[in-house]
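Here's the structure we're looking at; comments come further down.
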Amino acid sequence: MGTMVGTVITVKELYGIKSADIQFRNGTNSTSLITLEENRKYIVPYFQREIRWTKDNLITLINDVRKGSKFLGNLIFTKRQSDYEILDGQQRTTVIALIVLFLKSKYSERFDIFETCEITVESFPGFRNLCNYFFDLEKIPESEMEEIIGSDCYGQRDKYIEIWDAMEKVDLFANIAEAEDFLKNLEQSQLNVIIETDSAERSIEAFLDVNLKGVRLDAEDIFKGYLFAQDNSEELFKIWSQLKQKNKVLNMYIDYPFMMLLEHFLQCELSKHESYRLIEFSTDFTLKNEKEIEGNKYSSGEHIVKIIHNKKYIREKLIALDKIQELLVSIVTETHAPAEIRGYYKKLADADKKFKVDNDEIDIMYNLLRKVVLDKNKAPNCLIIKYLLESFINLEFRKDNFDSIYGVFVTSTLFTLYETKKNSDGLYKIIRSDDWEGQMVNYAITCFEGRELTSRQISAGYQFVLTKSQSISQERQEFRCKSIATIYEYFDIDNNGIRIKPHKTKELEQFLNDSEKYSVEHFIINDSGKCECKLSTNATFEYEYPEEIKKYKNSLFNYVFIDRETNGNIKNLYLLEKVEVLANPDKNIKGYSGKVIQLVSDKLKLPDPKGFDSEEEAKGELDRYFQMDFRNQYAQFAASVIEMISKGDQL
């Protein structure tokens, strides 16, 4: 870092537009350190984090200052000509300026309020416009508002508006006398200001040095800091801003945080580079173990951006990531394969004449691709990123690349069933392999032949919370329910690969999409958590499952797939009566659902309420069964389903 000067000064001296001479005082003596120029600007540089302060942070600050002038902490700037770039303290700087601006909007004609310096937010130029209108959104012309929104690279507008709105509700600011006293306290409150005077070009390194010592930055802040320390060009800033804006759009539909997406992407791409393939990094993008890369030794904990140190490579990869996000947005917003993705399959056909493009198979591939992307478990999405890179970005038109979506689907399903969300290393091993398709096959075979399900995995719920889109959430749930059945019914898995069974393409397309013929039935434990039972007298009563049993209603093994009319007729029946209806040869239920019905009959020894005369006796026996026997029998049933799939048994 360059020469540092600093001392304690007041808020009014620091933020007022007038020139201020910063002096170091020692008793009666003083030494001039630096002069803050008149009409200077304070700049929040593009490598800084977004505004993070909340209403609670604001209220804490206000409550402190209302009691008297306070020491408000440390600020670090670097000098940029006559302006000052904020290295540390941008949250306080921005919020203090907003408080003064808010008081000015209410009381400028009632008491004196000092004029503040302009705050420029490089990642949100429209912030200045909001300030000029005192955040009165109704007064901002529509065209100007569009410019403001368009300039918000990191999605900060709503947070600033939230802070302004919170000030509107502060009782202290509604009282003129109290507001004036508060301003006097704020003006005299002090800050320890440190200014780097002669090394502005190293401001990003200084930003990281200052903040990392306090361990206050998150993974994105640190990544961005190292990124711009290497390449602080406007071109890179535009690429990064575009990535953030597209991720904001993507997250309107699914929860796929930008840094998780970036981690998945780099896990795929670094493994293909001769020099960087040995880099193994953690979720904070630091090296897991000591490595020698391009002749240099790096310790564990070193950041991978520092290790790569290749501006051209990083730019190229971020541009590819931008394209990945474009594809993901198309996938989550388009129910049917958009023209661009169909175009890739057409290019494949042109490149490989042996590959015949079948529209039904294209629909299946896209359906599976979309459903894995929409799944709430985002760990397997690294497989999707690998698939998009290999098939659509790197333009390696091999049929194996496109067929690998089947392996992605199977691996994703089994990972969700067998693994915890944190156990991503196995997936990373797959995508980093030169033979990633073969690794997916090995993973599937290992799951079916060598692993047992835990009780948690068996009972795990797979219903989705209706958050961003009810229709998408319902689509997700139906697909997840059908995933095990899809593997059993329609895929061959062996050492030669993962592929659709011969002559099953059309039927698979119907199974995935025809909800009239293949509706989802909560078979063993009803979706309502209750069932209708009959006594020996033919009288009926309603039985409610014990709370610990209700969670099984969303287990992957709780579903069969039958026509909607039959589904409606048996919806709330007791399981034994459902089996009786569905086992009727007239229903002609075969394949996965038929096998599950048979396994239920063999493995679950449910009591029959028809053997009891009274409701009390029947409920007592049902309670005993579900509390004592059901879980063990259900585990045996689930294990039989897995065995059935691994062997490919058919009725």
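The values are calculated or read from the model by the stated rules, or taken from the named source; none is laboratory data. Just so it is clear, the model here is predicted, and its values are computed rather than measured. Virtual Cβ from ideal backbone geometry, glycine too; neighbours counted across all protein chains shown. When the accessible area is computed, the model is the full protein with side chains, heavy atoms only, and any ligands, DNA or RNA have been set aside. Shrake-Rupley method; radii C 1.70, N 1.55, O 1.52, S 1.80 Å.
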Discussion item. Going by what's in this entry, would Glu547 be described as surrounded by fewer than 15 Cβ atoms within 10 Å (Cβ to Cβ), without any contact (Cβ under 8 Å) to a residue 40 or more places away in the chain and within 35 Å of the chain's Cα centre (by Cα)?
Written reply: yes
Practice prompt. Six or more apart or on different chains, Cβ under 8 Å: which pairs go from a residue in region 320-346 that's touching a residue at least 40 places away in the same chain (Cβ under 8 Å) to one that's of a type in the set (Lys, Arg) and open to solvent by less than 30 Å² (accessible area, probe 1.4 Å)? Could you list them?
Written response: Ile331/Arg370; Val332/Arg370
Fill in: Test result for Glu419, modelled with pLDDT under 90, open to solvent by 10 Å² or more (accessible area, probe 1.4 Å) and within 19 Å of the chain's Cα centre (by Cα)
yes
Practice prompt. Just give me the residues in region 497-523 being farther than 16 Å from Ile364 by Cα and either in contact with a Leu (Cβ under 6 Å, 6 or more places away or on another chain) or not in a loop (DSSP other than H, G, I, E, B) (or both), in sequence order.
Written response: Gly497, Ser519, Val520, Glu521, His522
Worksheet item: In this structure, is Asp492 closer than 19 Å to Lys595 by Cβ and either open to solvent by 40 Å² or more (accessible area, probe 1.4 Å) or part of a helix (DSSP H, G or I) (or both)?
Response: yes
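Results for (1) of a type in the set (Ser, Thr, Tyr); (2) touching a helix residue (DSSP H, G or I) at 6+ places or on another chain (Cβ under 6 Å); (3) without any contact (Cβ under 8 Å) to a residue 24 or more places away in the chain; (4) farther than 25 Å from Phe630 by Cβ, shown as yes or no for each residue.
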{"residue": "Asn495", "(1), (2), (3), (4)": "no, no, no, yes"}
{"residue": "Lys517", "(1), (2), (3), (4)": "no, no, no, yes"}
{"residue": "Cys531", "(1), (2), (3), (4)": "no, no, no, no"}
{"residue": "Ser536", "(1), (2), (3), (4)": "yes, yes, no, no"}
Worksheet item: For Ser69, are the conditions met, namely being assigned to a loop (DSSP other than H, G, I, E, B), farther than 30 Å from Met259 by Cβ and either in contact with an Asp or Glu (Cβ under 9 Å, 6 or more places away or on another chain) or of a type in the set (Asp, Glu) (or both)?
Response: yes
Fill in: Enumeration of residues in region 121-172 that are without any contact (Cβ under 8 Å) to a residue 12 or more places away in the chain, surrounded by 15 or more Cβ atoms within 10 Å (Cβ to Cβ) and hydroxyl-bearing (Ser, Thr, Tyr)
Tyr133
Fill in: All helices (runs of 4 or more DSSP H) inside region 552-604 with 2 or more residues being under 21 Å from Ile487 (Cβ atoms)
591-603
Discussion item. What pairs come out if I take residues in region 378-395 that are polar (S, T, N, Q) and pair them with residues that are open to solvent by less than 10 Å² (accessible area, probe 1.4 Å) and in a helix (DSSP H, G or I) whose C-beta lies under 7 Å away, six or more apart or interchain?
Written reply: Asn381/His264; Asn381/Val373; Ser391/Asn401; Ser391/Phe402
Discussion item. Every residue in region 290-301 that is surrounded by fewer than 12 Cβ atoms within 10 Å (Cβ to Cβ) and among the polar types (S, T, N, Q), please.
Written reply: Asn296, Ser299
Worksheet item: Within the group Ile86, Ile96, Ile43, which residue is of a type in the set (Val, Ile, Thr), assigned to a strand (DSSP E or B), closer than 28 Å to Ala219 by Cα and in contact with a helix residue (DSSP H, G or I) (Cβ under 7 Å, 6 or more places away or on another chain)?
Response: Ile86
Worksheet item: Taking region 319-329 as the region of interest, how many residues are under 18 Å from the mean Cα position of the chain (by Cα) and open to solvent by less than 20 Å² (accessible area, probe 1.4 Å)?
Response: 6
Worksheet item: Quick one: would you say His264 is assigned to a loop (DSSP other than H, G, I, E, B), of a type outside the set (A, V, I, L, M), open to solvent by less than 70 Å² (accessible area, probe 1.4 Å) and touching a residue at least 40 places away in the same chain (Cβ under 8 Å)?
Response: no
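Residues checked against (1) buried (at least 17 other Cβ atoms within 10 Å of the Cβ); (2) touching a residue at least 40 places away in the same chain (Cβ under 8 Å); (3) closer than 18 Å to Phe127 by Cα; (4) not charged (D, E, K, R):
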residue: Tyr15; (1), (2), (3), (4): yes, yes, yes, yes
residue: Ile22; (1), (2), (3), (4): yes, yes, no, yes
residue: Gln48; (1), (2), (3), (4): yes, yes, yes, yes
residue: Ile59; (1), (2), (3), (4): no, yes, no, yes
Discussion item. Pairs please, first residue from region 624-651 and at pLDDT 90 or above and hydrophobic (A, V, I, L, M, F, W, C), second anywhere and assigned to a helix (DSSP H, G or I) and surrounded by fewer than 13 Cβ atoms within 10 Å (Cβ to Cβ), Cβ atoms under 8 Å, 6+ apart in sequence or on different chains.
Written reply: Ala635/Ser455
Worksheet item: Out of all the residues in region 330-347, which are assigned to a helix (DSSP H, G or I) and crowded, with 18+ Cβ neighbours inside 10 Å?
Response: Ile331, Val332, Ile341, Tyr344, Tyr345
